[in-house]
1. Return the residues of segment 82-136 that are hydroxyl-bearing (S, T, Y) and assigned to a helix (DSSP H, G or I); say none if nothing qualifies.
2. Among (1) surrounded by fewer than 12 Cβ atoms within 10 Å (Cβ to Cβ); (2) at pLDDT below 60, which single condition is N153 missing?
Amino acid sequence: MGSKAKAIAGLLAATCVCSIIALILSVVNVKDVLLPPSTKYGLVFDAGSTHTSLYIYRWPADKENDTGIVSQVEACPAFAGFYYTFSFLNLTHQQSLGEVNTTVLSFCRRNWAELVQSFPQDLKYLHTYCSMAFYILTLLLDGYKFNEHTWSNIHFRRQAANTDIGWTLGFMLNVTNMIPAEVLQHVKGHQPGLWAGAVSFLVLAIMAGLVAVFLHCFWKTK
């Protein structure tokens, strides 16, 4: 075997060895890794004297400490508005379910200009009363299954034992702890040292293969 053939054979052998080592290093000690969530969320309760509003915000998880953009994704009235909504509609005196439905529908069918003229002192929350009333009825009728026979068991009160009823806000704050977190993404992780070694041997294998090709093409024997 000539020197050219020996050199090429040696380089090809080195290419194979380096490739095998790189392959072994790339599969050794591979572990499942959970990537951190890409988005984080925050809940803000605006607790006023007559209403409580819930605002949901989100921001990129890797852009914290005043470096990311916080955007509002949802806003809705919270449970504290039950009494005040029905009090505004004058429905806190044990009216029947039929009368409640009629009153809510009548109010929601009025045009905005008429409402503003009729209730100038309630402009801050005037736009929420219709949607909130339907929300309350949907929750109580469809969710908790009250009907025309059991509706009279519901009492809308601002106070209990001369104390403002504020437990609902605390309840909602507590329930937020049970909101499921964003599903974490599973990826394959590798130790930095092993990964660097695998890349190094892969580079050596490529270089040895290229040199072998170069010698085969340009090394002319006499």
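1. Within segment 82-136, Y83, Y84, T85, S87, T102, T103, S106, S118, Y125, Y129, S131, Y135 meet the criteria.
2. Failing condition for N153: (2).
One line per residue, one yes/no per condition, for (1) of a type in the set (G, A, S); (2) modelled with pLDDT of 85 or more:
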position	(1), (2)
D122	no, yes
H127	no, yes
M132	no, yes
T138	no, yes
L141	no, yes
K145	no, yes
H149	no, yes
A160	yes, no
L169	no, no
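The values are calculated or read from the model by the stated rules, or taken from the named source; none is laboratory data. Computed from a predicted structure; not experimentally measured. Don't worry about glycine lacking a Cβ; one is built from the backbone with ideal geometry, like all the others, and counts go over all protein chains shown.
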